[in-house]
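Q: Here's a structure for you.
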Amino acid sequence: MKGNVCKKIMIATDGSDNAKNAVSYGIEIAKGTGAEVYAVYVVSDEYGLVARRGISWAKEIEEKLVDRGERATAYVEEAGKKVEVQVGSVLLKGRPAEEIIDYAEKNDIDLIVMGTLGLTGIKRFLIGSVAENVVRHSKVSVLVVR
């Protein structure tokens, strides 16, 4: 955050309950600072690895993910409307952590707000954590909400 002024906030969401906790924090910060808010959902392209079953099957998965993304970003928009905070929705496609970091850097985002699923042990090792990757590799400040 340049000079401690927060002008642009990205709320990265996957529609989960943890993401909804992050939405509350992000909207509150935006309300207090007058920042613009961008609700970002990444349609993961990693389903493509299992899409060898056929193109129609892959398209069906992608459509479901896009639908989930639209609902997740609409939730952020509604939360913003309640307190008169303007929210723009952004759907990206790719690897979630990489896309979040890339979008934040290219769009002069001052703060990334996101939730964590709180995975531990073997699940975290196998799945990896989007939040952890964003924190580790982002040049932009990140607030992770449990």
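Residues checked against (1) out of contact with any Lys or Arg (no Cβ under 8 Å at 6 or more places or on another chain); (2) part of a helix (DSSP H, G or I); (3) modelled with pLDDT under 95; (4) more than 24 Å from Asn133 (Cβ to Cβ):
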{"site": "Gly15", "(1), (2), (3), (4)": "no, no, yes, no"}
{"site": "Asn18", "(1), (2), (3), (4)": "no, yes, yes, no"}
{"site": "Asn21", "(1), (2), (3), (4)": "no, yes, yes, no"}
{"site": "Ile61", "(1), (2), (3), (4)": "yes, yes, yes, no"}
{"site": "Glu78", "(1), (2), (3), (4)": "yes, yes, no, yes"}
{"site": "Glu98", "(1), (2), (3), (4)": "yes, yes, no, no"}
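Q: Taking into account only those residues within the range 54-82 that are of a type in the set (A, V, I, L, M, F, W, C) and open to solvent by less than 50 Å² (accessible area, probe 1.4 Å), which is farthest from Thr13 (Cα to Cα)?
A: Ala58
Q: Quick one: count up the residues across the range 77-114 that are more than 18 Å from Lys20 (Cα to Cα) and touching a residue at least 60 places away in the same chain (Cβ under 8 Å).
A: 6
The values are calculated or read from the model by the stated rules, or taken from the named source; none is laboratory data. All of these numbers come straight from a predicted model, not from anything done at the bench. Reconstructed Cβ throughout: ideal geometry from the backbone, glycine too, with neighbour counts over all protein chains shown. Heavy atoms of the whole protein, side chains included, go into the accessibility calculation; ligands, DNA and RNA do not. Shrake-Rupley method; radii C 1.70, N 1.55, O 1.52, S 1.80 Å.
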